[in-house]
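Report on the structure given below.
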Amino acid sequence: MAPTCGLILADLGAQVVRIERVEGDPTRSLKGFGSGFFGYLNRNKESVAIDLKSSLSNQVMHRAFEWADVVIENFGPDVMDRLGLGYEEARAANPKLVYCSMKGFLPGPYQDRPALDEVVQMMGGLAYMTGPVGQPIRAGASVVDMTGGMFAAIAIIASLRSAEQSGRGAKVTSALYETTAFLVGQHMAMAQFGDTPVVPMPARTQAWCLYDLCQCADGQVFIGLTSDAQWERFCASFGLEDLLRDPRLVSNAARVDARPWMLEVLAKRFAELTVAQTEALCKKAKVPFGPVRTPLDLLEDEHLLANGSLLQVAVGEKVASVPAMPFRIDDQAPEVRIQPQEIGAQTERYLDAWGLTTGEKEELFNRGVVAGPR
């Protein structure tokens, strides 16, 4: 959560200083599924390397608290308190500070438990809703980590605005579990307000006549028709006038009832077409559609390339294209101002900014409490 929260604030222009271990954050050397984390989430951030377990680090961090507008921490329950860096200590150093803690759970019976994205997807109902019946599956991205970080960024910005007006900071807490509950809230509400059982998405009762993955001759395309007008344009574009005139298909409700046989007719038509042909006919009909792609396909997506939605980030000698923030301010996308930094690249500069003397700095470097180029 914290890396995403920091990235959002950094891309919006905040001066974000990442505190990491003197040997470097573990995400720098992750392999497999985690090998892209560091490069993706650490643009526009500076690096200060400090051993927070050293008693000497406390003075450094309290100086940082005095300097900062916001502190974001993503440690386990009570870790910051044990280090002497908890909310009360931070507030004493800087009453206007916004102190944000990222946790597995908000206060309650679960608050002392560690958590992970996949853990809360399972216990929060998201995995149940994603996979087939009896086969819960995590979402294909770390959606809870990233959404939790986004909610934290929203709360931080609101708290900063309040601090400007009141002169008092705030304690912000964002949690994985409650984020998951928010994401499945529509299903919780449906069970109480509606008359449809909550079943996994692959087994749900369809609300629309066509809202399906369609098999073409050389691939798959998802098509969703959510109005009578879309149905009429779809049939006209795909040469399905017989269906348009069929009295059994006069309304969406009637078409939903007819899905068992209607989808068989549509499947035969899609099988005659390539993905490109299907896309062209959908464009002509002005109906929602999307071909099935892999993440790597997005690197060559004409739309993302044309509108600047891919940014270049470099880690060492490797350069990668990664998504920009999915918004524009005055038609401008946030840019890469700072590439992901080496371990402690800005340590000495920030020790100066935080008011440490030359002698204090020398002791910290000599004892290995801080690290970085000199």
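The values are calculated or read from the model by the stated rules, or taken from the named source; none is laboratory data. All values derive from a computational prediction rather than experimental measurement. We place every Cβ from the backbone using ideal geometry, glycine too, and count neighbours over all the protein chains shown.
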Subject >> Qualifying residue in segment 300-312 (condition: closer than 20 Å to Lys45 by Cβ, touching a residue at least 40 places away in the same chain (Cβ under 8 Å) and surrounded by 10 or more Cβ atoms within 10 Å (Cβ to Cβ)) >> reply: yes
Original post:
Any chance segment 325-347 includes a residue that's within 30 Å of Glu66 (Cα to Cα), touching a helix residue (DSSP H, G or I) at 6+ places or on another chain (Cβ under 9 Å), outside the structural domain of Trp231 (by TED's automatic domain parsing) and free of Cβ contacts under 8 Å to residues at least 40 places away in the same chain?
Top reply: yes
**OP:** Scan segment 160-175 for residues that are touching a residue at least 60 places away in the same chain (Cβ under 8 Å) and closer than 19 Å to Ala93 by Cβ and report the count.
**Re:** 8
**OP:** Check Gly36 against each of (1) more than 24 Å from Leu310 (Cβ to Cβ); (2) among the small types (Gly, Ala, Ser); (3) touching a residue at least 12 places away in the same chain (Cβ under 8 Å) and name the one condition it does not meet.
**Re:** (1)
Original post:
Name the residues in segment 72-109 that are at negative phi and of a type in the set (Gly, Ala, Ser), would you?
Top reply: Gly76, Gly86, Ala90, Ala92, Ala93, Ser101, Gly104
**OP:** Scan Val287, Val370, Val322 and give me the residue that is surrounded by 12 or more Cβ atoms within 10 Å (Cβ to Cβ), among the aliphatic types (A, V, I, L, M) and closer than 25 Å to Leu12 by Cα.
**Re:** Val322
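Of the residues Val256, Val313, which is outside any loop (DSSP other than H, G, I, E, B), out of contact with any helix residue (DSSP H, G or I) (no Cβ under 6 Å at 6 or more places or on another chain) and not assigned by TED's automatic domain parsing to the domain that holds Gly6?
Val256
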Original post:
Which helices (runs of 4 or more DSSP H) does segment 1-94 wholly contain that include 2 or more residues that are at pLDDT 95 or above and crowded, with 21+ Cβ neighbours inside 10 Å?
Top reply: 2-11, 57-67
Original post:
Mind checking which residues of segment 176-224 are part of a strand (DSSP E or B) and either free of Cβ contacts under 8 Å to residues at least 24 places away in the same chain or under 30 Å from Pro3 (Cβ atoms) (or both)?
Top reply: Tyr211
**OP:** Among the residues of segment 95-106, write down those that are surrounded by 17 or more Cβ atoms within 10 Å (Cβ to Cβ) and either more than 15 Å from Ala170 (Cα to Cα) or basic (Lys, Arg) (or both).
**Re:** Lys103, Gly104, Phe105
**OP:** Exactly one condition in (1) surrounded by 13 or more Cβ atoms within 10 Å (Cβ to Cβ); (2) in contact (Cβ under 8 Å) with a residue 40 or more places away in the chain; (3) within 30 Å of Thr147 (Cα to Cα); (4) not β-branched (Val, Ile, Thr) is not met by Ala258; state its number.
**Re:** (3)
